[in-house]
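**Student:** Let me give you the structure first, and then I'll get to my questions.
Throughout, read-outs are computed from the coordinates displayed, never taken from laboratory work. Predicted model, so just to flag it, every value in this text is computed and none were measured. Because the Cβ atoms are built from the backbone with ideal geometry, glycine has one as well, and the counts that use them run over all protein chains shown.
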Amino acid sequence: MTPERLTDKPFNPFETYERIDSDSFIEAKYNGSLKGEVVASGTKNMVSKVIAAALSCDNSNVQIENIPFVGDLDITLQLCRSLGLTYSVSRDKKLTLNIEDLKNYEVISNSEQGNRVAILLAGPVLSKIGRAVISKPGGCNIGERKIDYHLRGLESFGVNIIEKQDSYELDLKDGRRLHPSHFKLPFPSVGATENLLITASCAEGESVLENCALEPEIIELIKILQMSGVIIKTFAPNSLSIIGGKHSLDGPVRIIPDRVEIASLAIAALTTKGDVFIKDAQHEPLINFIGCVQEMGGGVEIKSEGIRFYYKEQLKPINITTQVYPGFPTDFQQPMAILMSQANGKSIIHETIFENRFLYFSELNKISENRHSFFVDDQCLETDPCRYQNLKYPHLAQINGPVAFRKGEIEITDLRAGFAALNAAILSDGVIIKNLKSLYRGYEDPVGKLKSLGAEIDIRV
Ligand code: EPU
């Protein structure tokens, strides 16, 4: 940990995120191929879940390494403060969380956008304090994003829930303890699986969760809970048995490199006909993505220290359907649209996880030479009907490449669309991007990273 001098401003890794307002903007234009090396940051969609798991432990503090400096973590730490927790964050990306300070029962977010994490703290807070008040979730506008599976799942552990306008009030039915449960998720939801896994770890006895999501970040969460002494077994195709009770985490835990950031940077490299080595990128969480890149004609070289992505030949179109892991991840969908935009011919994206994750296409069309380069429809892929069939959700996109991006101004509609906007801008004649908050909630210093690879890009906050 780097010591601070008394005259230094206190270290705040979230400064840019906090300063972004409605006047902030990013300006970028094409400046040749991206080249060089960039280090992957820790996973945004893992760090907050690890904090939730840490709160379920019985030791005095937990150390989390390789935390990403993203706005989403800033929001989660604010939730921790509302519980009375103290913590320290060091420049070398270590978070020490004093979990013995957990004294309050209100998990309240004051941030304008919020995130999806508050409800994941329900199990630990209930098991330690017996009641909880939880802010309703925020997060990106990519669909209705109900939390009914979380709530029904929590009820199955003996939790009473009263819904208020901005929050949920929770307490325990019997004897002020969580009891074990057998619950089948209606759909393998990432957040609900994580929530119920953590809750089951707090409940004394064996719980069974069926139809779970098993994304790489959830496997990591399982590993961390096992390290803390929770007995967890997996059953095919996607069930978990969890024997919970008192558990404690002694050593530090480490956040894995962010597969969405890695895919986003890889795509930026390929679209500029570049050659970029992403240090710390791991092969396994990216197998589907790497297969798609190879099928499109992109170059991939896998090494033990990271992965090199490089342009080899004119990219070919591809069709993808987003699915739960190990299918093509919905979070890669928006950056992937920009890769498809540089292929020669028609590509298709069938989004089956979120019903409204295509808002960004109308923004991209504003800066496309042909205003109909990105075309959205409410049908399913004929060969592959999904749960949104006949419900009139715009969840099928056609991308007619190659697309040339001209001058213009666009808005970011959601976090991953934010990176798609950056990528389009570094291919363009000059684009201004506004509404930056969600981009910096999910990516660590995206402008700095692209700049270090040779992009002409700047942020004004
Ligand atoms: N769903 C329900 N009810 C629930 C829970 C989910 O109907 O109680 C539905 C959702 O509406 C959606 C589907 O189930 O249609 C899947 O949602 P899921 O619960 O898996 O998503 P999440 O936990 O809210 C996380 C990530 C998302 C990522 C999805 C899918 C975090 C903080 N967020 O969201 O990440 O897209 O899983 O992989 O982990 C992002 O990083 O940009 C992002 C949106």
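**Student:** Identify, among 236, 390, 66, the residue whose Cα sits farthest towards the positive end of the charge dipole of the chain, taking +1 on the Cβ of Lys and Arg and -1 on the Cβ of Asp and Glu, with the dipole about the Cα centre.
**Tutor:** Most positive-ward Cα: 66.
**Student:** When ranked by the protection proxy of mean other Cβ atoms within 10 Å per residue, highest first, what sequence do the peptides 222-230, 124-132 form? Walk me through the numbers on the way to the answer.
**Tutor:** Working: 222-230: 18.9, 124-132: 21.8.
By packing density, highest mean first, the sequence is 124-132, 222-230.
**Student:** Can you give the net charge of the other residues whose Cβ lies under 13 Å from the Cβ of residue 401, counting K and R as +1 and D and E as -1?
**Tutor:** So the environment of residue 401 carries a net charge of +1.
**Student:** Next up: Treating only the Cβ atoms of Lys and Arg (+1) and Asp and Glu (-1) as charged, compute the dipole magnitude of segment 291-380 about its Cα centre; round to the nearest 20 debye.
**Tutor:** Values: 8 positive and 11 negative charges, 53 e Å.
Value, rounded to 20: 260 debye.
**Student:** If you don't mind, there's one more thing I want to ask. Quick one: which residues, 5 or more positions from residue 41 or on another chain, have an amide H under 5 Å from its amide H? H modelled 1.01 Å from N in the peptide plane, none for Pro or chain starts.
**Tutor:** Correct list: 258.
**Student:** What 222 nm value per residue comes from the helices of the chain, counting each DSSP H run with n ≥ 4 as -39,500 (n - 2.57) and dividing by all residues, nearest 500 deg cm²/dmol?
**Tutor:** Computed ellipticity for the chain at 222 nm equals -8500 deg cm²/dmol.
**Student:** Let me ask you something else. Show the residues, 5+ positions off or on another chain, whose built amide H is closer than 5 Å to the amide H of residue 411.
**Tutor:** Under 5 Å from the amide H of residue 411: 434.
**Student:** Output wanted: per-residue J couplings in Hz (rounded whole) for segment 273-289, from phi through Karplus 6.51 cos²θ - 1.76 cosθ + 1.60, θ = phi - 60°, x for Gly and Pro.
**Tutor:** 6, x, 8, 10, 9, 9, 5, 6, 4, 9, 5, 4, x, 10, 4, 5, 4
**Student:** Taking segment 280-363, which trypsin sites (Lys or Arg not before Pro) meet the DSSP loop condition and have no more than 15 other C-beta atoms within 10 Å?
**Tutor:** Passing both the DSSP loop test and the Cβ count: 312.
**Student:** Among DSSP beta bridges lying fully in the chain, give the percent that are antiparallel, nearest 5.
**Tutor:** If we restrict to bridges inside the chain, about 75 percent are antiparallel.
**Student:** Also, I was wondering about something else. Whole Å is fine, so just give me how far the alpha carbon centre of segment 405-438 lies from that of segment 71-121.
**Tutor:** 30 Å
**Student:** Then there is this: Using the Karplus curve 6.51 cos²θ - 1.76 cosθ + 1.60 with θ = phi - 60°, what ³J(HN,Hα) values do you get for each residue of segment 89-101, in whole Hz, with x for Gly and Pro?
**Tutor:** 10, 9, 4, 8, 6, 10, 10, 10, 10, 8, 6, 5, 6
**Student:** Can you give me the angle between helix 190-202 and the longest principal axis of the chain, using Cα atoms only, in degrees from 0 to 90, rounded to the nearest 10?
**Tutor:** Between helix and principal axis, roughly 20 degrees.
**Student:** If you count, for each residue, the other Cβ atoms within 10 Å and average over each peptide, how do 50-56, 30-36 line up from highest to lowest?
**Tutor:** Top to bottom by mean Cβ count within 10 Å: 50-56, 30-36.
**Student:** Could I ask something else about it? Return the lysines within reach of residue 392: Cα separation strictly under 20 angstrom, same-chain partners fewer than 8 residues apart disregarded; answer none if there are no such residues.
**Tutor:** Counting by Cα, and skipping residues close in sequence, residue 392 has these lysines nearby: 146.
**Student:** In debye, nearest 20: dipole of segment 396-442 around its Cα centre with unit charges on the Cβ of K, R (+) and D, E (-)?
**Tutor:** 100 debye
**Student:** For helix 259-271, what angle does its Cα long axis make with the longest principal axis of the chain, in degrees from 0 to 90 and rounded to 10?
**Tutor:** Computed tilt is about 0 degrees.
**Student:** Could you give the dipole magnitude of the chain about its Cα centre, charging the beta-carbon of Lys and Arg +1 and that of Asp and Glu -1, in debye to the nearest 20?
**Tutor:** Values: 50 positive and 59 negative charges, 24 e Å.
So the magnitude is around 120 debye.
**Student:** Extending each Cα 7 Å along its Cβ direction at residue 391 and residue 206, get the distance between those two points in nm, one decimal.
**Tutor:** In this crude label model, residue 391 to residue 206 measures out at 3.5 nm.
**Student:** Among 90, 31, 20, whose Cα lies farthest out toward the positive end of the dipole of segment 1-119, if unit charges sit on the beta carbon of Lys, Arg (+1) and Asp, Glu (-1)?
**Tutor:** So the residue we want is 31.
**Student:** Over 22 Å between C-alpha atoms is what I'm after, so list which of 316/449; 29/93; 94/449; 94/223; 44/93; 93/233 land there.
**Tutor:** Pairs exceeding 22 Å: 316/449; 29/93; 93/233.
**Student:** Spelling out what I want: for every residue of segment 302-314, take phi, set θ = phi - 60°, compute 6.51 cos²θ - 1.76 cosθ + 1.60 (Karplus), and round to whole Hz; glycine and proline get x.
**Tutor:** Residue by residue, segment 302-314 yields 9, 10, 5, 8, x, 10, 9, 10, 8, 7, 10, 7, 3 Hz.
**Student:** Related question: Give, in nm to one decimal, the length gained when the segment between residue 27 and residue 58 is fully stretched (0.36 nm per residue of separation minus the Cα-Cα distance).
**Tutor:** Roughly 6.4 nm would be gained on extension.
**Student:** In degrees, nearest 10, range 0 to 90: what is the angle between the Cα axis of helix 415-425 and the longest Cα principal axis of the chain?
**Tutor:** 20 degrees
**Student:** Next question, about the same structure. Using mean Cβ contacts within 10 Å as the protection proxy, how do 201-213, 156-168, 415-427, 111-123 order, highest first? Please report the intermediate quantities before stating the final value.
**Tutor:** On the way: 201-213: 20.3, 156-168: 15.2, 415-427: 27.1, 111-123: 23.3.
Those peptides, ordered most packed to least, come out 415-427, 111-123, 201-213, 156-168.
**Student:** Here's another thing I want to ask about it. Take the Cα coordinates of segment 178-276, assign each an equal point scatterer, and use the Debye formula without solvent to give log10 I(q)/I(0) at q = 0.18, 0.20 Å⁻¹.
**Tutor:** -0.81, -0.94
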